[in-house]
Amino acid sequence: MTRLRIAVQSKGRLSEGGMDLLKRCGLRFAYGRDKLHQRAENMPVDLMLVRDDDIPNFVASGACDYGIVGENVLREEQLAGGRTAELEIALRLGFATCRLKLAVPVEGEIRDLADLQGKAIATSYPGITRAYLATRGIDVEIVEMRGSVEVAPRLHIADAICDLVSSGATLQANGLKAIETVFESEAVLIRRKGVQAPETDSIARILMRRAEGVIASSQTKYIMLNAPKDRLDAIRALLPGADAPTIAQVAGRDDVVALHAVCRERVFWETLEALEKEGARAILVLPIEKMLA
Ligand code: ATP
Ligand code: MG
């Protein structure tokens, strides 16, 4: 039987999240085997564990059917030309979110984008950086680096950097501040555009449907609370991204109802405090393990 081949980063920020997602989609792998290749025990799926930069080309060339990669890497490879133009995003995966940002020394003359004219910028993303600045009429010299880009200004290799940022702690530790967001990224599932091979397409569809459920449920919560009947409209208005809730009677109470709702957005403490202010009591927020909408 033909097996679906998925490329996943072997080690790094995308490997744990990628493997975790696939396991939550029901795939089971035997541990302690070949490091480059993992065979699912319960479905016709094989994983290729590789460097993330290679994933777009592996999928484009047909060596793998799908790949899990940062959108930043996909975009960079596509700007480099070649067969990666034939790739498309099959599903946004909602993890490994980060931003590609232009950053400059805190102590320095460069304040905004216009000050970058004619300057040297160190980056691992020459394609995205150049394209972004070109559309804004700014001409720069790109200094390509594979890693540790944040040290470039201190070593006088470049005047500014364009690098991935999640918390901003690395920038701060290196005396840099961000002046512009160039690209927003998250992990994405990629494949070749067009008709998929029929032997593997059915298994890919099943996995993607499950993945959508896993992603949706990780962002979704089940809220239960007791609400005074006369405050029900105000309480419903506070529920973030809720479908029509279930309203049930509370034994022995005419003035209070129980409300259950699926909330498709993050539920913050502020929301719970606002609900409490409106008279909601016994508020419970529960994680949802699986969901087929
Ligand atoms: P490899 O050896 O596989 O090439 P790498 O060093 O290029 O690994 P990682 O640092 O593991 O890769 O990052 C992989 C992806 O994780 C990035 O391309 C990006 O999409 C995402 N990511 C999320 N947050 C960050 C961050 N703070 N810094 C860098 N990448 C991040
Ligand atoms: Mg890499």
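The values are calculated or read from the model by the stated rules, or taken from the named source; none is laboratory data. Treat the numbers as computed from the prediction; the structure is a model and nothing was measured. When we count neighbours, we look across all protein chains shown, and the Cβ atoms used for this are built from the backbone with ideal geometry, even at glycine.
Quick check on this structure: which one of ARG24, ARG5, ARG51 is farther than 26 Å from VAL195 by Cα and away from ligand 1 (no atom under 16 Å from the Cβ)? ARG24 is the lone residue from the list that is farther than 26 Å from VAL195 by Cα and away from ligand 1 (no atom under 16 Å from the Cβ).
Between SER202, SER217, the distinction of being assigned to a helix (DSSP H, G or I), within 27 Å of LEU292 (Cβ to Cβ), in contact with a Lys or Arg (Cβ under 8 Å, 6 or more places away or on another chain) and among the small types (Gly, Ala, Ser) belongs to SER217 only.
A single member of ASN72, ASN57 is within 16 Å of ligand 2 (Cβ to nearest atom), modelled with pLDDT of 95 or more and surrounded by fewer than 23 Cβ atoms within 10 Å (Cβ to Cβ), and it is ASN57. The residue pairs whose first member lies in the stretch 199-212 and is in contact (Cβ under 8 Å) with a residue 60 or more places away in the chain, whose second member is surrounded by 17 or more Cβ atoms within 10 Å (Cβ to Cβ) and in a helix (DSSP H, G or I), and whose beta carbons are closer than 9 Å, counting only pairs six or more residues apart or on different chains, are LEU207/LEU22; ARG210/ARG24; ALA211/LEU21; ALA211/LEU22; ALA211/ARG24.
Residue count for the stretch 1-28, restricted to those that are surrounded by 15 or more Cβ atoms within 10 Å (Cβ to Cβ), in contact (Cβ under 8 Å) with a residue 60 or more places away in the chain and farther than 17 Å from LEU91 by Cβ: 2. Among the candidates ALA96, ALA103, the residue that is surrounded by 19 or more Cβ atoms within 10 Å (Cβ to Cβ) and under 20 Å from the mean Cα position of the chain (by Cα) is uniquely ALA96.
Of the listed requirements (1) within 16 Å of ligand 1 (Cβ to nearest atom); (2) among the polar types (S, T, N, Q); (3) closer than 17 Å to ASP115 by Cα, SER148 misses just one: (3). Among the residues of the stretch 12-25, is there at least one that is on the phi > 0 side of the Ramachandran plot and more than 16 Å from ligand 2 (Cβ to nearest atom)? So far as the stretch 12-25 goes, no, none of its residues is on the phi > 0 side of the Ramachandran plot and more than 16 Å from ligand 2 (Cβ to nearest atom).
Within the stretch 236-274, the only residue that satisfies the criterion of being hydroxyl-bearing (Ser, Thr, Tyr) and within 18 Å of GLN219 (Cβ to Cβ) is THR271. Checked against the criterion of being part of a loop (DSSP other than H, G, I, E, B), within 11 Å of ligand 1 (Cβ to nearest atom), under 30 Å from MET1 (Cα atoms) and not aromatic (Phe, Trp, Tyr), the stretch 106-126 contains not a single residue that satisfies it. Of the residues making up the stretch 81-92, none is at negative phi, in contact with a Gly (Cβ under 7 Å, 6 or more places away or on another chain) and modelled with pLDDT of 95 or more. Inclusion of THR181 among residues that are among the polar types (S, T, N, Q), buried (at least 18 other Cβ atoms within 10 Å of the Cβ) and either over 27 Å from the mean Cα position of the chain (by Cα) or farther than 30 Å from LEU207 by Cβ (or both) is not warranted. Annotation: ASP52 fulfils all but one of (1) touching a helix residue (DSSP H, G or I) at 6+ places or on another chain (Cβ under 6 Å); (2) modelled with pLDDT of 95 or more; (3) away from ligand 2 (no atom under 16 Å from the Cβ); the unmet one is (3).
Checking the stated criteria, ASP34 turns out to be more than 15 Å from ligand 2 (Cβ to nearest atom), over 16 Å from ALA211 (Cβ atoms), modelled with pLDDT under 95 and of a type in the set (D, E, K, R). Candidates in the stretch 167-200 are the residues that are of a type in the set (Ser, Thr, Tyr) and closer than 13 Å to ALA103 by Cα; of these, the one that is farthest from ligand 2 (Cβ to nearest atom) is THR181.
Residue count for the stretch 158-170 under the criterion of being at pLDDT 95 or above and either in a strand (DSSP E or B) or near ligand 1 (Cβ under 10 Å from one of its atoms) (or both): the result is 5.
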